[in-house]
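Colleague: This is the structure, below, for whatever I ask next.
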Amino acid sequence: MSPSGPSAADTPLLRVSRPVSACSRCRSAKIKCDGKLPACTACEKSGRAGECSSANDQFAKGKERSYVASLESRVEKLERRIAYARSRKASVAMHDVDAPVEIPDRKDSLATIRAAIHGKAARRREAADVNELVSDFGFLQVMPLSVNATTRDFESSTTNMTFARMILAATNLEVVPRPEPFRLPSRPAAMGLVQYYLDNVFSIFPVFSETALINALDAIYQDNGRPVTDFERWLFYMVLAIATAGQSRGCGDAQYLEGITWVSRALQYADKVLTPGYVSQIQALVLLVQYSMLDPAHFDSWQLIGFACRAVVDLGFHQDPPRGQQTDKKTLDMRRRVFYCVYSLDRSISMVHARCFSFSDDSTSVDFPALPGNSATANTMTGHHSLEPAGLLFQLRYTQSTWYQELFQSSRVPLQNPSMYTWQVCQDLRDWAESFPDTLSLSFKEFFDLELLYSYVYCLAPSCRIQTVSTYGKTLIFEYSIAYMQKIFPISKDPINTAFYTYHDALRVYFVGSHFLAVLMEDPDSLLNGILPYAAPAAGSAPPPPLPINAGVEGVDRSLKCVSHIKETLKTFGQRWEDSKALLSSFEAQAEPALSDLLHRRRHMDEISRSSHSPPNFLPPPSFEHIRTLSAEDWAKSGRSFSNNGTLHGGHRG
């Protein structure tokens with residue numbers, strides 16, 4: 001039976017109910033208002049459609065705002081967020097990029113957006129918008145529907161917005177290409193990449209079990225086997241992405257492009273694996289954070305680790321279970337491993353970007369996990385890898401977190417005795433370095449030595465609570481910076497990437513180089529005259545940190561070589577990461593005055609050498625008065641952490 005006329009569904013009322021019964025004009029005139037949008041019938045008939053407005057929850061009575069104008073403001077805000085996510089190509093840490101962000105004009109229903117925002121002001125405003133979007137995602141409001149995003153019933157079908165999409169929208173800097181049809185690499189090739197990941201990344205970030213990764217590999221390569229879960233595919237693809245990107249030597253080479261391809265394949269499963277409320281979400285985010293450290297052009301590691309930290313807190317992993325609660329030992333250890341992997345990444349990423357931690361140490365109470373040590377079966381595909389490096393890293397990050405919060409996040413009140421505090425910090429770091437086991441591999445030994453030297457420079461440098469550095473402190477920064485560059489320079493040139501070196505190491509080189517220049521330009525004479533300052537130990541406190549044995553010798557030549565190493569290292573890193581090129585340009589500008597002074601001193605020394613019979617690098621010995629104030633024990637201890645060539649030693653000596 002055909003209908004005799006149009007139904008109500010065919011001719012719907014183009015009318016949206018308002019939160020109040022009448023617009024301001026109808027209310028003041030005390031006439032009936034039908035609430036039609038964007039203007040009621042009474043206002044349209046009187047020719048005042050543009051003035052039709054109503055009070056709502058956002059705008060109080062007497063301060064009404066046009067409904068259309070309110071929508072325009074909301075759209076403009078969302079457009080700025082979209083422009084931020086799609087157009088920014090550099091890491092949030094790069095504050096000196098002056099690329100304008102263009103937003104298209106809307107001349108019809110929207111107000112004209114004239115936004116040609118440049119430089120730091122633009123980046124701060126845009127970052128504020130995104131921070132507002134992601135800072136409290138525990139309660140996400142999408143139009144009229146309110147959902148709790150930290151629970152497992154986050155319904156995407158009603159909002160067309162999944163939790164994964166929100167995370168990726170806030171952390172993507174460049175669009176990752178869509179995956180294309182592909183064939184899996186041969187199983188031996190895949191096992192080689194998995195082995196690289198286990199050797200260099202998993203050993204310090206054991207956020208999942210090694211068995212889970214091997215099981216995922218077996219399931220994917222097994223014909224007519226059990227179904228492969230979404231998390232197993234994410235795990236396998238992200239491990240291959242990190243392993244290939246970790247072996248890249250240049251932006252655009254085969255390994256780099258292959259890494260992006262594996263990430264694009266993994267992102268197909270993001271909606272499932274990033275579902276809140278599961279430990280697998282944290283594990284998936286950690287893998288994405290690890291990749292972002294190797295590919296800062298596509299992902300923002302600082303935003304990603306912020307999401308991971310919030311997920312850890314949401315699940316309560318920042319606190320050990322109550323003592324009365326029965327918890328399986330294996331489950332408890334995995335829970336602690338997950339926490340300290342996220343904790344270590346948060347501390348490291350926040351420090352290289354000079355930002356606050358996602359949560360304070362006071363809010364956490366988690367014991368270190370029990371980690372398997374070295375064994376005869378370690379470093380094989382059938383046995384478990386030694387996780388001793390992970391235990392050392394967790395301890396280091398905890399130590400770093402303690403003094404970083406004290407010096408940079410607690411207050412701005414100067415410390416009563418800054419030297420005593422920093423000497424104690426350096427003593428704690430030396431104690432940690434001397435705990436290295438004899439079985440620690442050379443690659444991780446070098447990795448941790450660099451972390452130690454970087455920590456020395458960081459804690460000795462000026463901070464919120466230590467504005468003035470002593471002469472001895474400047475000498476320590478000067479010498480430790482040179483030692484750091486002597487160690488990382490050959491590592492950056494090595495064609496085989498050992499351990500887990502990322503773009504953040506370029507930021508560390510820039511940080512160390514900047515502080516090296518700062519102390520050199522502030523007090524060049526005392527650093528280059530060959531006379532070492534003396535720091536008397538205070539009663540009841542840690543002894544002063546030792547200087548390398550070659551400290552004070554050939555200061556000009558070593559300074560020139562250090563500047564050269566910094567430039568060359570940043571240049572090498574610039575081949576892998578575009579952002580490092582900006583770091584190099586900035587450092588070269590900073591180094592120009594100091595380099596000019598060093599070259600002038602070098603020429604002056606050469607002239608003296610030619611006009612006299614003195615050796616070209618002759619330096620006067622310390623005065624007798626200075627020497628006799630040092631005890632034999634002080635002289636013996638002065639360089640115990642360094643070898644004759646000025647490199648650092650950690651662990652036990654045989």
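No lab work stands behind these numbers, since they all come straight from the coordinates. Fair warning: this is a prediction, and the values are worked out from it, not measured in the lab. Heads up, the Cβs are rebuilt from the backbone with ideal geometry, glycines too, and the neighbour counts pull from every protein chain shown.
Colleague: Give me MET485, MET334 ranked fewest to most by other Cβ atoms within 10 Å of their Cβ, as a rough exposure proxy. Working shown, then result.
Modeller: Details: MET485 24, MET334 19.
Going from sparsest to densest Cβ surroundings: MET334, MET485.
Colleague: Separation between the THR468 and SER541 pseudo-spin-labels, each 7 Å from Cα along Cα→Cβ, expressed in nm?
Modeller: So the label points at THR468 and SER541 sit 1.5 nm apart.
Colleague: A follow-up question, please. For the charge dipole of region 411-637, defined by +1 on Lys and Arg C-beta atoms and -1 on Asp and Glu C-beta atoms about the Cα centroid, which residue among PRO533, GLY473, PHE511 has the Cα displaced farthest towards the positive pole?
Modeller: PHE511
Colleague: Something else now. If I take all pairs of Cα atoms in region 429-514, what percentage of them are more than 18 Å from each other?
Modeller: Cα-Cα pairs of region 429-514 separated by over 18 Å account for 48 percent.
Colleague: Can you pull a Stokes-Einstein diffusion coefficient for region 343-474 at 4 °C (1.567 mPa s), Rh from Kirkwood over Cα pairs, as a whole number of µm²/s?
Modeller: Working: Rh = 16.4 Å.
Translational diffusion coefficient: 79 µm²/s.
Colleague: Equivalent ellipsoid semi-axes for region 411-637, as square roots of 5 times the alpha carbon gyration tensor eigenvalues: give them largest first, rounded to whole Å.
Modeller: On the way: eigenvalues 150, 131, 66 Å².
Output for region 411-637: semi-axes of 27, 26, 18 Å.
Colleague: Calculate the spin-label point distance for GLU72 paired with LYS493, positioning each point 7 Å from the Cα along the beta-carbon direction, and give it in nanometres.
Modeller: So the two model labels end up 6.2 nm from each other.
Colleague: Sticking with this one: For ASN224 paired with SER435, estimate the spin-label separation in nm (one decimal), with each label point 7 Å from Cα along the Cα-to-Cβ line.
Modeller: Taking the two extended label points, one gets 5.4 nm.
Colleague: What is the sum of charges, Lys and Arg at +1 and Asp and Glu at -1, for the other residues whose Cβ falls under 13 Å from the Cβ of GLN195?
Modeller: -1
Colleague: Among the listed pairs LYS487/LYS571; LYS493/LYS561; LYS445/LYS474; LYS493/LYS567, which have their C-alpha atoms separated by more than 18 angstrom in this model?
Modeller: LYS445/LYS474
Colleague: Still on this structure, please answer the following. Place the peptides 420-429, 234-243, 384-393, 524-533 in order of packing, highest mean first, counting for every residue the other Cβ atoms within 10 Å and averaging per peptide.
Modeller: Packing proxy ranking, top to bottom: 234-243, 384-393, 420-429, 524-533.
Colleague: With charges set only on the Cβ (+1 for Lys and Arg, -1 for Asp and Glu), what does the dipole of region 411-637 come to about its Cα centre, in debye to the nearest 20?
Modeller: Dipole about the Cα centre, nearest 20: 260 debye.
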